[in-house]
Amino acid sequence: MKMKEVLRQKIEAHRTRTVRLLKEYGDTEISKVTIAQAIGGARGVRCLVTDVSYLDPFEGIRFRGRTIPETFEALPKVPGKEYPYVESFFYYMMTSDIPTMEETLEVVEEFKKRRNLPDYVKGIMRAMPKDTHPMTMFSAGILAMQRESVFVEKYNEGMSKFDYWEPTLEDVLNLLPKLPSLAAFIYRLKYKDDDQIADNPELDMGGNFAHQMGIEAPYDDVARMYFILHSDHESGNVSAHTTHLVASALSDAYYSLSAGINGLAGPLHGLANQEVLSWTMKFMDGLEGKEPTEEVIKEALWATLNSGQVIPGYGHAVLRKTDPRYTSQREFCLKNLPDYPLFKVISMIYQVAPGVLEEQGKAKNPWPNVDAQSGVIQWYYGLTEWDFYTVLFGIGRAIGVLTNITWDRALGYPIERPKSVTTDMLEEAAGIK
Ligand SMILES: CC(C)(COP(=O)(O)OP(=O)(O)OC[C@H]1O[C@@H](n2cnc3c(N)ncnc32)[C@H](O)[C@@H]1OP(=O)(O)O)[C@@H](O)C(=O)NCCC(=O)NCCS
């Protein structure tokens, strides 16, 4: 596979950079840690390394150095479609090279061969109680496939540390293409009476996902856009960091991704997209058919804050402006569903919420994040079961975090082990003890 050979060359070239930095500049300081950071979730402490993406607080995410519009522009597109092959994006994230159409199609074919969901996973999904959250099913399905790990097999046979990345990549290539199949299976099982739709071997990852979900075009393009937009947000966010942390113990890709997905399931992280929709629907129900106005929205936002809850979809630990992932989806809505009432309400919230959060004066970033805009698109195309939304996020996020752990193994990053201190020690450091 061309991608693997390109990756091998990139890894060999990159290793010398990492080794040199460690050997010759290991003592160079890049961050300091304050008491506020130690208590406050390590916010802003620079202590992780990744080259897959970088998040600038004002500009937003760059994937391998490219902004979102630049990435969409550069990658080969599915014929007749507006968005690129997800497979071409995966090639790009892994290697930092934009693949040709031929290189892309090689990945597309490889993914097709590997995307069939094993029967035992279907059995496990069917055995789970009907009210199980789809994120629990998704994580359990990933974990159930751990028995297939090639990394574990090769590790048990005994292999050089320098070769770890190869079976890790093999695991990633086996796991990633199965995620849309697993997600669509869960969706049809949970909400469509287990009326499953067979794989269409003609279709790429985004196309086949839409097909197996049972949703017409342009939902295939929505899926491609969605998976790419949600793929990576550098290394410190909960899902990326968790996947990296678990993988640092040499737990394989299945264990690591399942753990990362569990983190994504939290309402302060990926689950916020479900929360946005439930908040908005509750708000619209409360209107009892009346036209929403900015004044009424303002009141509802204040009621949420005054009851001690957060405004879902707003704020960010790193970003300090409107999330370009929000903007990208907003542009999609302006083009495809400009007059949709739910989109109008979401847009009105965008007009009002930043001012409300600024007036409250707590959130460091009053602007919307990716989750504020994603649910409305799903709803418009008929995916109204909002507790499924974070699973879609999870498929996308897997692309970034699985690329990261492949590179972790390639560069020999060690087991992660930060140091903790006691409150007594903090008081001593502060000079108050
Ligand atoms: C994303 C988030 C978890 C970042 O948290 P953070 O880095 O601690 O954010 P800040 O430093 O700005 O938080 C400072 C204060 O503002 C509050 N705040 C931040 N965003 C808020 C929001 N959207 N609504 C209400 N309060 C908010 C925090 O809860 C915190 O309050 P506290 O001092 O009482 O604990 C936070 O903005 C949030 O809860 N947003 C809503 C959930 C969401 O959309 N998550 C998806 C993120 S992609």
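At most 15 other Cβ atoms within 10 Å and a DSSP loop assignment: could you name the trypsin sites (Lys or Arg not before Pro) in the range 21-63 that fit?
Passing sites in the range 21-63 are Lys32, Arg43, Arg46.
Report ³J(HN,Hα) in whole Hz for each residue of the range 143-154, in order, from the Karplus equation J = 6.51 cos²θ - 1.76 cosθ + 1.60 where θ = phi - 60°; Gly and Pro get x.
5, 4, 7, 4, 4, 8, 4, 6, 4, 4, 4, 5
Express in whole angstrom the spacing between the alpha-carbon centres of the range 293-314 and the range 218-264.
30
According to a simple spin-label model (label point 7 Å from Cα along Cα-to-Cβ), what is the distance in nm between Leu334 and His14?
Once both label points are built, they end up 3.5 nm from each other.
Assuming R0 = 22 Å, what is the FRET efficiency of Ser307 and Leu287, from their Cβ-Cβ distance, to the nearest 0.05?
Efficiency, rounded to the nearest 0.05: 0.70.
Would you please report the Å³ per residue occupied by the convex hull of the alpha carbon atoms in the chain? Before the final figure, lay out the partial values.
Numbers: hull volume 71.8 nm³, N = 433.
Dividing the Cα hull volume of the chain by its residues yields 166 Å³.
Tell me the chymotrypsin sites (Phe, Trp or Tyr not before Pro) within the range 35-143 that lie in a loop according to DSSP and have at most 15 other beta-carbon atoms within 10 Å.
When the chymotrypsin sites (Phe, Trp or Tyr not before Pro) of the range 35-143 are filtered for loop state and at most 15 Cβ neighbours within 10 Å, Phe58 remain.
Report the per residue volume, in Å³, of the convex hull enclosing the C-alpha atoms of the range 291-387.
Expressed per residue, the convex hull around the Cα atoms of the range 291-387 is 107 Å³.
Using a basic spin-label model with each label point 7 Å from the Cα along Cα→Cβ, how many nm lie between Thr100 and Glu427?
Inter-label distance under the simple model: 6.8 nm.
Counting pairwise Cα distances across the range 128-173, what percent come out greater than 15 angstrom?
54
Eigenvalues of the Cα gyration tensor times 5, then square-rooted: what semi-axes does that give for the range 332-397, in whole angstrom, largest first?
Those come to 24, 17, 9 Å.
Excluding the sites themselves, what is the longest stretch of the chain that contains no GluC sites (Glu not before Pro) in a DSSP loop with at most 14 other C-beta atoms within 10 Å?
After excluding every exposed loop site, the longest remaining stretch is 289-433.
Expressed in nm to one decimal, what extension gain is obtained for the pair Glu416 and Tyr120 from 0.36 nm per residue of sequence separation less their Cα-Cα distance?
103.2 nm
What is the spin-label model distance, in nm, from Ala198 to Leu48 if the labels are put 7 Å beyond Cα along the C-beta direction?
Those two pseudo-labels are separated by 4.3 nm.
Which pairs break 20 Å Cα to Cα here: Lys112/Lys161; Lys282/Lys321; Lys2/Lys113; Lys32/Lys161; Lys190/Lys282; Lys32/Lys321?
Distance filter (> 20 Å) returns Lys112/Lys161; Lys282/Lys321; Lys32/Lys161; Lys190/Lys282; Lys32/Lys321.
Just subtract the alpha-carbon distance of Glu359 and Glu216 from 0.36 nm times their residue separation and send over the number in nm, one decimal. Walk me through the intermediate numbers first.
Working: separation 143, 0.36 × 143 = 51.48 nm, distance 4.30 nm.
Contour length minus Cα-Cα distance gives 47.2 nm.
Each residue of the range 251-257 in order: what ³J(HN,Hα) in whole Hz does its phi give by Karplus 6.51 cos²θ - 1.76 cosθ + 1.60, θ = phi - 60°, with x for Gly and Pro?
These are the phi-based 3J(HN,Hα) values: 5, 6, 4, 5, 4, 5, 5 Hz.
Answer rounded, prolate or oblate for the range 60-211, using the Cα gyration tensor with square roots of eigenvalues a ≥ b ≥ c: rounded when a/c is under 1.5, else prolate when a/b is larger than b/c, else oblate.
It comes out oblate by the Cα gyration axes.
Non-local amide H neighbours of Tyr314 (under 5 Å, H modeled in plane, Pro and chain starts lacking H): which ones?
Asn369
If you scale each eigenvalue of the Cα gyration tensor by 5 and take the root, what three semi-axes come out for the range 229-331, rounded to whole angstrom and sorted largest first?
Working: eigenvalues 225, 42, 30 Å².
Equivalent ellipsoid of the range 229-331: 34, 15, 12 Å, largest first.
Rank these for me by crowding, Lys130, Lys161, going from fewest to most other beta carbons within 10 Å.
By the 10 Å Cβ count, ascending, the order reads Lys130, Lys161.
What full-extension length gain, to one decimal in nm, is calculated for Ile35 and Glu385 as 0.36 nm per residue of separation minus the Cα-Cα distance?
Gain in length upon complete extension: 121.8 nm.
If I model the range 67-155 as equal point scatterers sitting on the Cα atoms and use the Debye formula, what is log10 I(q)/I(0) at q = 0.16 Å⁻¹?
Ignoring solvent entirely, the Cα scatterers give -0.86.
Just to confirm the filter: which trypsin sites (Lys or Arg not before Pro) across the range 218-296 are DSSP coil and have at most 16 other Cβ within 10 angstrom of their Cβ?
Counting only loop positions with at most 16 other Cβ atoms within 10 Å, the trypsin sites (Lys or Arg not before Pro) in the range 218-296 are Lys290.
Read-outs throughout are calculated quantities, based only on the coordinates presented, and are distinct from any laboratory measurement. Just so it is clear, the model here is predicted, and its values are computed rather than measured. In this analysis, Cβ positions are derived from the backbone assuming ideal geometry, glycine residues included, and neighbour counts consider all displayed protein chains.
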